[in-house]
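Below is one structure; the comments refer to it alone.
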Amino acid sequence: MSESNHKVSRRDFFKASGLFAAGAVGGASVLGGLRKASAAAPAVKPWDSKFSACDMCFNKCGLIARVEDGVVTKLDPNPKFLKSRSMLCARGNAGIRQVYDPDRLKYPLLRKGERGEGKWQRIPWDEALDMAAEKMLEVRKKYLPCGHLFSAGTDLHSKFVGRLAEVYGSFNVTSHESLCLVSNNRAFLDTFGEVPYADVLNSKYVLMSGANRFEALVTPDSMDLMTAMREHGCKLVTLDPRYTKTAALSDEWYPIRPGTDMALMLALAHVIITEKLYDPQWIEEKTYGIEQLAEHVKQYTPGFAAEECGIPVEAISRMARELAAAAPASMVYPGRRSSDYEDSTQIRRAFAIVNGLLGNWDKPGGLLAARQVGLKGVPYDAPWYDDNHYERIDEGKVPMMFEHEGSFLITRDAILADDPYEIRGWLVYKTNPMGTAPNRKKTIEMMNKMDFVTVVDIAMSDTAWFADLVLPSQSYLERYDPCSGLQGSSACACVIKRDPVIDPLYESRSCFDIMKGLANRMELGEYFDFTIPEYRQKQLAGLNRAEEILDRDGVYYNPSKVYGIYDGKVYKTLSKKVELYNQRYEQMGIDPLPKYTAPAKTPKNQFRLIIGRDATVTQTSTANNSLLNEFHPTNTLWLNREKAAELGINDGDLVQVSSAVGTQELKAEVSDNIRGDTVYMLSGYNTLSTMQHLSHGNGASINELLEDDYDEVTGNASMHTTFVSVTRKVA
Ligand SMILES: Nc1nc2c(c(=O)[nH]1)N[C@H]1C(S)=C(S)[C@@H](COP(=O)(O)OP(=O)(O)OC[C@H]3O[C@@H](n4cnc5c(=O)[nH]c(N)nc54)[C@H](O)[C@@H]3O)O[C@H]1N2
Ligand SMILES: Nc1nc2c(c(=O)[nH]1)N[C@H]1C(S)=C(S)[C@@H](COP(=O)(O)OP(=O)(O)OC[C@H]3O[C@@H](n4cnc5c(=O)[nH]c(N)nc54)[C@H](O)[C@@H]3O)O[C@H]1N2
Ligand code: SF4
Ligand SMILES: [Mo]
């Protein structure tokens with residue numbers, strides 16, 4: 001990679017964004033215009049302010065875009081948007097670069113060479129949509145409707161991909177969720193009857209395990225946790241094999257042995273129960289299975305957990321006592337990404353059970369139930385295809401998969417094996433499984449099996465790079481989005497929408513327009529016979545003055561009860577109580593109480609490879625963003641200082657990292673910030689796509705190394721089960 005490609009300066013950025021070009025044209029000079037405006041009429045703002053919501057990660061923080069002469073020049077936080085607490089993070093600020101990135105996809109591209117060879121031909125939209133629809137119809141005829149897979153990432157338009165899949169007749173829809181959080185959702189849903197929101201703002205004690213809230217930003221939790229610590233004296237204890245920024249800001253940090261969190265949680269339960277630190281009335285009235293739990297956790301003493309986790313025994317007992325003393329305004333933070341181990345659902349069940357013992361459900365400083373936002377669904381009757389497969393292709397391999405999310409890894413294996421049937425078409429929108437599903441070689445193999453793959457993306461991701469047809473998508477600042485309800489723990493329950501802030505660049509189109517175009521060509525147009533503003537009107541029906549308020553504030557709040565939502569009501573579980581002991585699991589042959597099995601021992605001279613986040617990186621979608629790439633021009637292998645010395649590796653040395661499925665090379669970052677048995681690297685680097693100039697051939701692809709195990713309850717990917725060897729590369 002050349003130096004000039006690598007360093008895209010702010011000047012280049014403005015050039016690419018058209019600001020300099022506008023200046024060259026003369027009178028319309030934006031910067032000149034700014035000066036003139038301030039000299040002649042200081043009261044007049046030289047830019048238009050337009051509301052939107054950030055899309056650089058799933059949080060959707062509220063923003064106000066400054067638009068000058070049709071160009072977005074700055075993004076500011078929307079102060080009325082309580083969920084994001086007047087914050088727009090580094091990635092949010094760099095959203096501008098995503099829109100004006102010279103690497104952005106501009107026109108429909110048709111593959112001309114071999115898959116992944118990078119030979120493309122620009123074709124007109126009509127031809128592109130005709131071809132994609134024709135191929136989809138061919139696949140349906142040959143392999144039945146379920147012979148086509150549809151995948152969509154986190155987005156307000158993703159529902160239209162699901163809609164197209166449904167009316168086309170395929171049950172095979174996957175999302176990013178089975179690479180992210182389904183095991184965590186499963187565990188909390190099966191304990192409390194819903195997936196909770198953590199009221200960290202009002203909490204007095206937060207135990208954060210397997211989460212990194214000051215780098216992996218979740219709004220408002222990240223900001224609220226800081227406020228709780230600084231202003232309300234909340235204590236934060238972090239368990240992480242890495243010394244993250246969250247660890248650094250915590251009152252206590254323990255570099256837990258990876259994969260042993262369940263032992264720790266069961267020991268906390270052991271102390272809380274044996275020392276009777278719980279509220280007996282809560283346990284009696286609101287929970288199910290305390291006797292079985294008490295019996296079960298007898299074996300999991302703090303001493304046992306200390307051995308397993310590498311955490312001092314006194315610290316474990318003290319954590320339990322302090323959590324209980326602060327209850328119900330205390331919590332084991334529920335976390336989010338739980339794509340880590342093969343027993344992740346059970347690990348997270350143990351988290352949920354400790355919360356159950358603390359009695360923090362539906363209470364200030366605890367775990368909150370979802371509030372009604374008030375948006376209406378827009379129902380439709382999909383056609384029924386008699387001649388079709390009966391079930392999803394990934395059905396039946398794990399007992400409790402979420403039907404709408406499926407399991408990407410099980411789906412991929414089933415496609416590779418043609419078992420129980422064949423899938424030969426794939427439509428992908430705004431997700432990059434080549435970069436985010438472990439074991440990249442298998443994803444390539446899966447793509448090679450396909451008759452036709454269409455990818456709708458904003459950039460030439462690696463998934464797009466291996467497709468047949470690539471369609472350029474509009475960015476969040478260029479399109480109409482349907483309304484969406486957002487929850488922000490105790491901060492808010494609100495509705496957002498997006499309107500275009502600028503005209504779409506190049507030939508980009510919205511996902512909705514593309515799905516509608518495809519539907520029209522497959523005689524399914526009646527299911528897309530509306531515009532987004534019309535769709536929104538139906539969603540907002542019944543919400544008083546919602547459209548007017550959305551236009552005025554960029555957000556609509558529906559005030560409702562925050563705490564005590566379940567007062568006088570039963571929980572949505574089988575026992576109608578918080579299920580410490582899960583009856584449904586028992587019926588299904590799943591352990592009704594989490595049973596600890598020690599993680600596989602790290603083989604001699606090897607390391608466990610784990611994934612995680614940095615505040616300036618979003619999965620695979622920002623390594624090529626020049627404003628963000630400045631913070632991490634490449635990725636490095638975090639390696640423990642003592643281990644590095646044993647291996648003769650110095651900071652900055654090039655190392656080879658090998659797992660059972662792949663080998664990569666990158667520079668070592670030697671420090672005390674990680675345990676001796678664990679290594680870590682950022683994701684999104686060493687892309688195969690040469691149309692991502694900053695990330696192509698730069699650093700290492702973690703997905704080339706990760707093995708593709710999955711959680712045995714939900715099929716959620718397990719991304720912390722790979723062992724690697726690390727050797728110094730002799731130059
Ligand atoms: N190695 C590794 N794997 C992971 C993770 C990790 O950290 N490391 N994290 C896991 C988790 S928690 C998750 S949620 C998943 C996420 O997995 P993905 O959904 O694959 O997330 P991203 O890597 O962000 O890829 C998003 C894609 O959307 C494209 N995109 C961005 N904006 C737009 C737009 O406006 N329109 C369109 N059409 N495309 C757009 C980007 O160019 C990129 O190709 O990955 C999981 N897998
Ligand atoms: N800046 C930024 N923010 C983001 C995202 C992003 O890409 N960038 N992505 C968003 C998304 S989609 C998600 S799902 C969330 C994810 O946010 P989190 O749920 O916080 O997940 P991660 O940061 O991926 O991983 C959490 C931590 O677990 C540690 N860890 C690894 N193994 C173990 C173990 O066995 N035990 C314990 N206790 N810890 C372990 C890792 O070192 C890591 O620091 O972040 C969201 N916010
Ligand atoms: S956390 Fe940052 S990147 Fe994510 S939506 Fe908010 S501002 Fe955007
Ligand atoms: Mo995620």
Item checked: For Met131: the one exception among (1) open to solvent by less than 10 Å² (accessible area, probe 1.4 Å); (2) in a helix (DSSP H, G or I); (3) not charged (D, E, K, R) -> (1)
Note to self: If I filter the range 49-70 for residues that are open to solvent by less than 60 Å² (accessible area, probe 1.4 Å) and either in the same structural domain as Lys516 (by TED's automatic domain parsing) or over 24 Å from Arg509 (Cα atoms) (or both), do I get at least one hit?
What the structure shows: no
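Looking at this structure, is Trp125 more than 16 Å from ligand 4 (Cβ to nearest atom), at pLDDT 95 or above and touching a Leu at 6+ places or on another chain (Cβ under 7 Å)?
no
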Check: Which condition breaks for Gly303 when tested against (1) surrounded by fewer than 24 Cβ atoms within 10 Å (Cβ to Cβ); (2) touching a residue at least 24 places away in the same chain (Cβ under 8 Å); (3) away from ligand 3 (no atom under 16 Å from the Cβ)?
Finding: (2)
Checklist line | Residue that is within 16 Å of ligand 3 (Cβ to nearest atom) and either under 25 Å from Lys601 (Cα atoms) or in a loop (DSSP other than H, G, I, E, B) (or both), where the choices are Ser725, Ser683 | finding: Ser683
Note to self: Could you tell me how many of the residues in the range 557-580 are aliphatic (A, V, I, L, M) and surrounded by fewer than 12 Cβ atoms within 10 Å (Cβ to Cβ)?
What the structure shows: 1
Item checked: Candidate set: the range 508-525, residues that are in a helix (DSSP H, G or I) and of a type in the set (D, E, K, R); chosen: the one least open to solvent (accessible area, probe 1.4 Å) -> Lys516
Next item on the list: Only helices (runs of 4 or more DSSP H) wholly contained in the range 390-497 count here; list those with 1 or more residues that are more than 18 Å from the chain's Cα centre (by Cα) and either farther than 30 Å from Gln587 by Cα or at pLDDT 95 or above (or both).
Entry: 408-417, 440-449, 462-465
Checklist line | Search result, residues across the range 88-100 that are open to solvent by 20 Å² or more (accessible area, probe 1.4 Å) and closer than 18 Å to Val71 by Cβ | finding: Asn93, Gln98
Note to self: Could you tell me how many of the residues in the range 283-300 are open to solvent by 20 Å² or more (accessible area, probe 1.4 Å) and part of a helix (DSSP H, G or I)?
What the structure shows: 11
Check: Looking at Arg349, is it at pLDDT 95 or above, charged (D, E, K, R), away from ligand 4 (no atom under 16 Å from the Cβ) and within 22 Å of the chain's Cα centre (by Cα)?
Finding: yes
Note to self: Among the residues of the range 686-711, what is the count of those that are part of a strand (DSSP E or B) and among the β-branched types (Val, Ile, Thr)?
What the structure shows: 1
Note to self: Looking only at the range 106-128, count every residue that is in a loop (DSSP other than H, G, I, E, B) and loosely packed, with under 13 Cβ neighbours inside 10 Å and tell me the total.
What the structure shows: 6
Notebook entry, point to check: Looking at (1) away from ligand 4 (no atom under 16 Å from the Cβ); (2) within 22 Å of the chain's Cα centre (by Cα); (3) surrounded by fewer than 24 Cβ atoms within 10 Å (Cβ to Cβ); (4) of a type in the set (A, V, I, L, M), can you tell me which one Ile256 breaks?
Noted result: (2)
Checklist line | Selection count, the range 641-693, where residues are among the hydrophobic types (A, V, I, L, M, F, W, C) and touching a Pro at 6+ places or on another chain (Cβ under 8 Å) | finding: 1
Next item on the list: Among the residues of the range 321-356, count how many are open to solvent by less than 20 Å² (accessible area, probe 1.4 Å) and either in a helix (DSSP H, G or I) or not assigned by TED's automatic domain parsing to the domain that holds Glu215 (or both).
Entry: 15
Check: Does Glu534 satisfy the criteria of being surrounded by 15 or more Cβ atoms within 10 Å (Cβ to Cβ) and of a type in the set (Asp, Glu)?
Finding: no
Check: How many of the residues making up the range 615-639 are under 27 Å from Asn650 (Cα atoms), touching an Asp or Glu at 6+ places or on another chain (Cβ under 8 Å) and within 13 Å of ligand 2 (Cβ to nearest atom)?
Finding: 4
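The values are calculated or read from the model by the stated rules, or taken from the named source; none is laboratory data. Worth saying up front: this structure is predicted, and the values here are computed from it rather than measured. Note that we place each Cβ from the backbone using ideal geometry, even for glycine, and neighbour counts take in every protein chain shown. For the accessible areas, the whole protein counts, side chains as well, though only heavy atoms, and no ligand, DNA or RNA atoms are used. Shrake-Rupley method; radii C 1.70, N 1.55, O 1.52, S 1.80 Å.
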